[in-house]
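Report on the structure given below.
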Amino acid sequence: MTKQLTLLALLLCFNTISKAQTSLQGKVTDDNGKELISANILVKRNGVFVTGVSTDFNSNYSINLDPGTYEVAVSYVGFPDYLIVGVVVKPDQVNKLDIEMIELESICCYCLFSYVPPLIEIDNTTQDTEITNDEISNSPLRDVK
């Protein structure tokens with residue numbers, strides 16, 4: 001009985017670890033390219049706080065998340081708070097979100113942006129195309145030779 005419970009506990013742990021998690025990574029800079037060390041990044045899903053991190057000494061951040069759509073809030077002293085909505089985190093890959101904050105002379109308390117997915121996916125090394133049976137049959141190449 002003890003062996004069965006141990007095996008069950010190990011399977012549950014393995015199932016939790018093998019759950020498809022992915023990461024959201026990027027760099028936070030100002031409009032001059034200056035690195036913003038210790039910028040605060042909060043991640044929300046449907047308005048509910050999920051997790052948060054601060055940027056490191058190179059102004060980079062990395063957050064492990066489940067696949068889905070998120071809102072990313074960024075704050076830094078001397079800059080207005082940013083909210084980026086509709087950030088899509090795809091499974092089994094590193095999702096990049098570099099953030100460039102603009103320092104404003106006038107008082108502005110909040111800036112809202114919509115996420116625009118990149119045109120080229122860095123981790124995607126394949127193309128998605130479908131070839132039908134008719135296209136294969138009509139192809140001039142039928143033999144490997």
Plugging the Cβ-Cβ distance of residue 37 and residue 94 into 1/(1 + (r/R0)^6) at R0 = 25 Å yields, to the nearest 0.05, a FRET efficiency of 0.70
In Å, the C-alpha Rg and Dmax of segment 47-97 are 11.8, 36
The simple spin-label model distance between residue 81 and residue 138, using points 7 Å out along Cα→Cβ, in nm, is 5.8 nm
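Since every read-out is calculated from the coordinates, none of them should be taken as a lab result. Please read these numbers as outputs of a predicted model, since none were measured by experiment. In this analysis, Cβ positions are derived from the backbone assuming ideal geometry, glycine residues included, and neighbour counts consider all displayed protein chains.
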